[in-house]
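Read the structure below first, then the notes.
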Amino acid sequence: MNRKIKKRVLALLAGNDLLYAREELGQFDEHGLVNPLFSALYRPEEMLRWHTVTIFGEVLDRLAKKDMEAARIVMRRYLWSLNDESGGIGWGAPEAMAEAMYHHDGLCDEYLHMLMSYMRQDGPLEHQDGNFLELPGLQCGVLWGIGRLAERRAETLIEKSAVPDLLAYLVSQDPTVLGLAARALGLLGGSDFFNELQPLLDDKRSVRLYLDGDISVKTVSALAADALKKVHVQQAA
């Protein structure tokens with residue numbers, strides 16, 4: 001039965017109809033979906049992985065409402081996958097964590113500080129709260145996650161000093177890191193980032209951006225310009 005469930009989950013997530021996948025998977029028990037979704041999260045197919053992030057977040061929200069401890073176990077599995085001692089790399093874990101926290105207040109309260117720790121270096125011994133991720137691919141996952149959370153939880157992120165963390169990424173050589181950091185800053189707003197974002201306005205490199213079930217291709221410059229526009233609109237309001 002588990003093999004059949006895994007096969008069905010993968011087939012649904014690999015399709016182009018996210019709404020249909022959501023409806024079909026909504027008929028499964030959340031506990032039974034956890035392992036198949038973890039398997040899907042590590043697949044190489046881009047759209048399948050992103051659909052998994054979306055569905056996993058929704059499934060974890062439902063699971064937390066029924067069995068909070070089971071949801072915590074899943075969140076801890078994400079964290080473990082990003083730990084050097086796990087022997088893995090943790091692809092998809094920051095995005096999936098963020099999607100779950102986007103939907104569920106309790107999970108956000110308990111685990112947001114961990115997602116943010118992946119943007120931070122270790123401080124002095126008595127204030128070590130950093131677990132900075134060096135790989136640009138994982139940085140992209142964290143930054144996508146912060147941007148996703150900023151859509152609903154901007155005030156909380158600002159209170160937890162996410163803005164300085166994001167600004168630090170604007171020196172990256174990776175276009176996706178730059179674009180996602182700029183986008184998250186625009187969603188948070190609250191400050192004028194003109195001087196920091198200005199150099200990005202000439203960067204025409206492409207960024208693949210997953211939003212609302214689809215992947216679009218943007219340039220770093222377009223994402224930076226949109227971020228500046230959002231900030232100016234917020235300040236004028």
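The values are calculated or read from the model by the stated rules, or taken from the named source; none is laboratory data. In this text the structure is predicted, and so the values were computed from the model without any measurement. A quick note on method: Cβ atoms are made from the backbone with ideal geometry, for glycine too, and the neighbour counts reach across all protein chains shown.
Which is surrounded by fewer than 19 Cβ atoms within 10 Å (Cβ to Cβ), out of contact with any Gly (no Cβ under 7 Å at 6 or more places or on another chain) and over 19 Å from Gly92 (Cβ atoms), of Ala182, Ala225, Ala162, Ala150?
Ala225
Specify which of the listed residues (Gly179, Gly186) is outside any loop (DSSP other than H, G, I, E, B), closer than 22 Å to Glu46 by Cβ and not hydrophobic (A, V, I, L, M, F, W, C).
Matching residue, one of Gly179, Gly186: Gly179.
When you scan the stretch 200-215, how many residues do you find that are exposed (fewer than 14 other Cβ atoms within 10 Å of the Cβ) and either in a helix (DSSP H, G or I) or within 16 Å of the chain's Cα centre (by Cα) (or both)?
4
Given (1) over 16 Å from Gly147 (Cα atoms); (2) at pLDDT below 95, identify the lone condition not met by Arg205.
(2) is the only condition that Arg205 fails.
If Gly92 passes every condition in (1) at pLDDT below 95; (2) on the phi > 0 side of the Ramachandran plot; (3) buried (at least 18 other Cβ atoms within 10 Å of the Cβ) but one, which one does it miss?
Failed condition: (1).
In this structure, is Leu48 under 18 Å from the mean Cα position of the chain (by Cα), surrounded by 14 or more Cβ atoms within 10 Å (Cβ to Cβ) and modelled with pLDDT of 95 or more?
yes
Only one of (1) under 24 Å from Gly90 (Cα atoms); (2) over 18 Å from the mean Cα position of the chain (by Cα); (3) of a type in the set (Val, Ile, Thr) is not met by Thr176, so which one is it?
Of everything listed in (1) under 24 Å from Gly90 (Cα atoms); (2) over 18 Å from the mean Cα position of the chain (by Cα); (3) of a type in the set (Val, Ile, Thr), Thr176 misses just condition (2).
Any residue in the stretch 127-146 that is assigned to a helix (DSSP H, G or I), loosely packed, with under 13 Cβ neighbours inside 10 Å and either modelled with pLDDT under 95 or polar (S, T, N, Q) (or both)?
yes
If I ask for residues that are out of contact with any helix residue (DSSP H, G or I) (no Cβ under 8 Å at 6 or more places or on another chain) and either of a type in the set (Val, Ile, Thr) or at positive phi (or both), which ones from the stretch 177-217 would you list?
Once the filter is applied, which keeps residues that are out of contact with any helix residue (DSSP H, G or I) (no Cβ under 8 Å at 6 or more places or on another chain) and either of a type in the set (Val, Ile, Thr) or at positive phi (or both), the stretch 177-217 yields Asp212, Val217.
For the stretch 1-99, which helices (runs of 4 or more DSSP H) that fit wholly inside it have 1 or more residues that are within 19 Å of Tyr111 (Cα to Cα)?
So the answer is 30-41, 46-66, 68-81.
Out of curiosity, is Ser221 in contact with a strand residue (DSSP E or B) (Cβ under 8 Å, 6 or more places away or on another chain) and either outside any helix (DSSP H, G or I) or free of Cβ contacts under 8 Å to residues at least 40 places away in the same chain (or both)?
Judged against the criteria, Ser221 is not a match.
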